[in-house]
Amino acid sequence: MDTSLHIALCDSDPGDRKQMERLLSRESDKRLPVTGGFYTDTFGGVEAILRSPMLYDVYFLDSTDPLCDSYQIAKAIRDKGILSPIVYCISSIDYRQSGPMLPNCVFMNKPIKVADLSLVLDEIITQKKENYIPTIELRNQYETFYLEAKNVLYFSGNGYSVDVHLTDGSIRQATAFLDSLWRDLYSFPVFQIISPTTIVNTMYIAKLGPMSVLMRDSTKHSVKSKYFANLKKKMANYKEER
């Protein structure tokens with residue numbers, strides 16, 4: 001499993017921000033052969049970090065903006081449903097006193113000590129390993145979003161657009177060619193392409209016909225002959241694993 005980290009760094013002080021970038025870079029170099037590197041995106045203010053479509057593994061925050069300090073940023077991150085660890089880097093504001101404790105947050109005093117940072121990163125990597133669930137990364141012109149395989153019924157594609165049909169009955173749009181998406185889904189064995197326009201989740205096939213499938217949402221899809229054997233094999237494999 002890749003335990004590289006995608007890190008968001010938001011610090012109002014340019015000097016502190018540069019120093020933290022250097023510390024994270026050194027930690028990344030040190031851990032690269034074992035856990036993978038770190039990829040850090042730096043933000044100078046609240047609007048930029050909240051507009052970012054990226055879901056980060058950890059957020060390092062020290063915004064002293066009186067209109068939106070680190071605690072307010074952390075609340076906004078949690079309000080978006082993001083549960084990644086948040087590390088408050090304390091300088092002029094003690095965020096322990098800012099309001100009710102938010103989940104999965106830790107505090108580090110500035111100046112940041114290498115030993116303290118290393119321990120925090122160890123814990124974040126351990127947490128990522130323990131909570132790791134493979135997700136499908138999809139994007140459109142507005143956002144990047146992530147879905148678990150179990151939440152997808154099927155994909156239907158037309159040109160450079162894909163409708164993602166979810167188990168809750170909703171549909172989300174992604175920008176991709178279906179054949180490219182099929183290659184990206186190689187590591188998710190429950191999926192099978194059945195035609196140039198459809199990829200199904202074999203977990204949710206209610207009935208297999210001579211050259212068609214009936215999905216659990218009662219939609220019926222044609223299966224091209226060249227995909228039929230692989231579809232039957234995957235359905236059999238999934239049935240044995242359940």
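The values are calculated or read from the model by the stated rules, or taken from the named source; none is laboratory data. Remember, it's a predicted structure, so these values are computed and weren't measured experimentally. Positions of Cβ are backbone-derived with ideal geometry, glycine not excepted, and every protein chain shown enters the neighbour counts. Keep in mind that these areas ignore ligands, DNA and RNA; they rest on the heavy atoms of the full protein, side chains included. Shrake-Rupley method; radii C 1.70, N 1.55, O 1.52, S 1.80 Å.
Of the listed pairs Lys18/Lys80; Lys110/Lys150; Lys75/Lys220, which have alpha-carbon separations greater than 32 Å here? Too far apart for the 32 Å limit: Lys110/Lys150; Lys75/Lys220. Volume per residue of the convex hull around the Cα atoms, evaluated for segment 1-157, comes out as 132 Å³.
Heavy-atom accessible area for Asp163, with the other protein chains in place and a 1.4 Å probe, reaches approximately 50 Å².
Over the residues of the chain, the helix contribution to mean residue ellipticity at 222 nm works out to -10500 deg cm²/dmol, using -39500 (n - 2.57) for each DSSP H run of at least 4. Share of carbon and sulfur in the accessible area of segment 86-242 stands at 52%, probe radius 1.4 Å. The modelled label-to-label distance between Lys207 and Ile133, using points 7 Å beyond Cα along the C-beta direction, is 3.2 nm.
Comparing Ala149, Ala115, Ala74 in a Gaussian network model of the chain (Cα springs below 10 Å), the most mobile by mean-square fluctuation is Ala115.
Under a 1.4 Å probe, what is the accessible area of segment 88-242 per residue, stated in Å²? Write out the running numbers ahead of the final one.
Numbers: 9310 Å² over 155 residues.
Ligands and nucleic acids excluded, the result is 60 Å² per residue.
Separation of segment 89-110 from segment 172-242 is 47 Å, based on Cα centroids.
Restricting to bridges with both residues inside the chain, how much of the DSSP beta-bridge set is antiparallel, in percent to the nearest 5? Can you show the working numbers first?
Values: 26 of 45 bridges.
Of all bridge pairs located within the chain, approximately 60 percent are antiparallel.
Based on the mean of other beta carbon atoms within 10 Å per residue, what is the order of 190-197, 207-214, 41-48, most packed first?
Numbers: 190-197: 19.4, 207-214: 13.1, 41-48: 15.5.
Ranked from most to least packed, the peptides come out as 190-197, 41-48, 207-214.
For segment 153-242, the alpha carbon positions stretch 33, 27, 24 Å along the principal axes, listed from largest to smallest.
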